[in-house]
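Following: one structure in structure tokens, then a few remarks.
Rule-based calculations on the coordinates, nothing more; no lab input. What you see is a predicted model, and the numbers here were worked out from it, not measured in a lab. Cβ sites come from the backbone with ideal geometry, for glycine too, and all protein chains shown count toward neighbours.
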Ligand code: ADP
Ligand code: MG
């Protein structure tokens with residue numbers, strides 16, 4: 001239908017722009033970051049240290065945006081797929097996100113999974129990016145530090161896996177749920193609005209699906225169905 005076509009046009013336009021911009025920005029960004037770090041090491045002035053810290057934080061923000069652009073523009077042919085132990089992958093992401101949860105005083109991220117082995121033929125780096133982004137969103141949505149975030153991994157059938165990330169955070173109204181995957185849609189002061197768009201791209205490139213189930217004020221569950229194999233990979 002018309003809105004689907006419009007959405008695709010918008011996506012491919014953003015993708016083309018992204019490819020160009022991301023490549024141009026990446027090298028100077030790496031260089032500027034390197035020199036800022038050198039100044040930080042050389043300095044023994046508290047004021048300069050504070051300023052450099054701000055510069056490094058802002059550079060980090062630019063770096064996040066550029067990386068997300070790179071993912072969006074990365075064509076499907078560049079996927080590097082291999083047989084991946086999904087249980088190990090998810091645990092590793094959770095481990096990696098721990099400092100973030102500690103920072104917010106959140107209790108922990110709980111990982112539920114049975115003893116079975118979950119192997120999927122996928123691009124582990126891309127799937128890691130997806131799960132990291134979704135957990136990051138869950139952390140950002142949670143303000144009550146007694147609430148935990150639950151990540152679960154199951155077999156839906158022989159051919160696909162179900163990954164669910166549940167938070168008891170602010171939730172999303174029906175109206176806003178329609179816009180989640182739009183590029184640059186964000187409700188955060190420092191958000192890029194590119195995270196979910198990237199997640200959707202990656203999951204669709206894996207012939208999977210991603211959907212939100214959310215209630216305002218109650219929390220959110222993101223469901224990903226990931227085929228273990230696909231003809232396109
Ligand atoms: P960003 O995180 O940079 O804002 P995303 O694409 O990751 O961009 O998310 C887009 C928007 O979707 C967020 O700004 C937020 O409003 C909403 N959102 C995503 N995940 C959640 C969640 N778990 N709970 C509540 N709102 C969410
Ligand atoms: Mg995000």
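Can you give the angle from 0 to 90° between the axis of helix 2-42 and the longest principal axis of the chain, with both taken from C-alpha atoms, to the nearest 10?
40 degrees
Ordered by packing density, taken as the mean number of other Cβ atoms within 10 Å over each peptide's residues, highest first, how do 117-130, 215-228, 33-46 rank?
Descending mean neighbour count gives 117-130, 215-228, 33-46.
Can you put 143, 101 in order of Cβ neighbours within 10 angstrom, beginning with the fewest?
Going from least to most buried by this count: 143, 101.
Per-residue counts of other Cβ atoms within 10 Å, averaged by peptide: what ranking do you get for 133-142, 88-97, 52-61, highest first?
The peptides rank, most packed first, as 133-142, 88-97, 52-61.
What area, in nm² and to one decimal, does the C-alpha convex hull of the chain cast on average over all directions?
14.9 nm²
Per DSSP H run of at least 4 residues, take -39500 (n - 2.57); add these up for the chain, divide by its residues and hand me the 222 nm value, nearest 500 deg cm²/dmol.
-17500 deg cm²/dmol
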